[in-house]
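All remarks here apply to the structure that follows.
All of the numbers you see were taken from the coordinates with simple rules; none came from a lab. Here the structure is a predicted model, which is why all the values come from computation and not from measurement. Heads up, the Cβs are rebuilt from the backbone with ideal geometry, glycines too, and the neighbour counts pull from every protein chain shown.
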Amino acid sequence: MCNVLIYRTVKESAQGLYREKGSKFLSFVHPVTSEHKVKIILNNYRTKFYDARHHCFAFRIGIKHILERSNDDGEPSGTAGKPILGQLYSYNLTNTIIVVVRYFGGTKLGVGGLINAYKTAAKEAIIQASIIEETLKEQFVIQCSYDEMGKIIGFLKQQKINYYDIKMEEIVSMKIILDISQTKTFIEKLNKIFKTIQISKIKKIN
């Protein structure tokens with residue numbers, strides 16, 4: 001299982017290929033963080049490879065509470081989606097989808113052959129990808145006076161914390177993103193140095 005603070009995913013999309021007895025298995029891995037993105041990716045491949053026999057897939061999304069799905073898309077039950085999902089487990093990946101598109105070569109592979117083919121195709125895509133470790137992050141908004149703005153920005157730069165979306169209205173507001181492991185200590189330090197600022201958490205970011 002993934003550590004609740006650190007998880008593994010792929011940095012960007014990658015592609016693999018496996019051939020067996022005339023059948024061609026095109027495999028694709030992508031980083032994803034929502035089911036909406038999953039649907040877009042699947043629709044793209046179904047459209048692009050409209051003449052393929054099967055478009056099988058598996059995905060895992062989330063960190064602490066993981067949503068996972070697999071689909072055989074017409075292959076015998078358990079011969080495609082589960083082997084693909086198994087490779088996500090083998091490489092301890094989440095926020096990741098793998099799609100395997102099969103062009104039938106005229107020769108049936110049997111249950112064992114299909115399981116091996118989809119497993120190997122999924123693995124080939126993962127091997128071509130860059131696997132990275134990500135840390136859970138939280139987004140905050142800082143509100144302060146105009147007098148304090150320069151000092152706060154200087155402090156954020158010193159701490160190597162990126163700030164963005166600065167709004168200068170009656171008061172100044174800006175957003176920052178922190179690794180969840182450093183949130184408590186950093187916020188306490190910020191409040192101790194700057195007595196009049198207000199800091200509010202907006203959301204947790206996967």
TODO: Mind telling me which of Glu12, Glu75, Glu169 comes out most flexible in a GNM of the chain, alpha-carbon contacts under 10 Å?
DONE: Glu169
TODO: Return one number: the angle in degrees, 0 to 90 and rounded to the nearest 10, between the long axis of the Cα atoms of helix 35-48 and the longest principal axis of the Cα atoms of the chain.
DONE: 40 degrees
Open item on the list: Between Thr196 and Ile6, what is 0.36 nm times their sequence separation minus the Cα-Cα distance? Round to one decimal in nm.
Closed with: 65.1 nm
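For Phe104, Phe25, what's the fewest-to-most ordering of other Cβ within 10 Å of each Cβ? Write down the numbers at each step before the final one.
Details: Phe104 13, Phe25 26.
With the fewest neighbours first, Phe104, Phe25 line up as Phe104, Phe25.
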- [ ] For the stretch 67-114, run through the trypsin sites (Lys or Arg not before Pro) and keep only the ones in DSSP coil with at most 14 other Cβ atoms within 10 Å of their Cβ.
- [x] Lys108
- [ ] Work out Dmax and Rg for the stretch 38-186 from the C-alpha atoms and quote the Rg first, both in angstrom.
- [x] 23.1, 75
TODO: Any chance you could give the angle, 0 to 90 degrees and rounded to 10, that helix 110-128 forms with the longest Cα principal axis of the chain?
DONE: 40 degrees
